[in-house]
1. So if I check each of Ser91, Ser46, Ser67, which one is surrounded by 11 or more Cβ atoms within 10 Å (Cβ to Cβ), polar (S, T, N, Q) and over 18 Å from the mean Cα position of the chain (by Cα)?
2. Are any residues in the range 34-53 touching a Ser or Thr at 6+ places or on another chain (Cβ under 8 Å) and at pLDDT below 95, and if so, which ones?
Amino acid sequence: MIAAKIIWAIDMCFQIYFWMICVRCLLTWLPNLNWDNPLLSALKSSVDLYLNLFKKIIPLVGPFDFSPIVAVIVLFFIQFIVRYGAIMIFSSLGLIG
């Protein structure tokens, strides 16, 4: 039972980060947004740390930045690996039936 809750918590962390990326991308469409707000600044610094990895690799296509899309796809792939890795570990320890 505790193993299932741990796996659920890990999964929720990935889901929360996914929504943080979505909110960050949507907020970039607001030109007069004050990024000095502590909440927005925390969101920007935590999400941009991950997004900048992809912005270095993927060039802009005209005015469009497709790096967040690739970042989300990679995030889902990592989530899949971590989730099933945790299931395999807990299963080998006998904590999951």
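The values are calculated or read from the model by the stated rules, or taken from the named source; none is laboratory data. Since this is a predicted model, take the numbers as computed values, not measurements. Every residue, glycine among them, receives a Cβ derived from its backbone with ideal geometry; neighbour counts consider all protein chains shown.
1. Working: Ser46 fails: over 18 Å from the mean Cα position of the chain (by Cα); Ser67 fails: over 18 Å from the mean Cα position of the chain (by Cα).
From the options Ser91, Ser46, Ser67, the qualifying one is Ser91.
2. The answer is Trp35, and nothing else.
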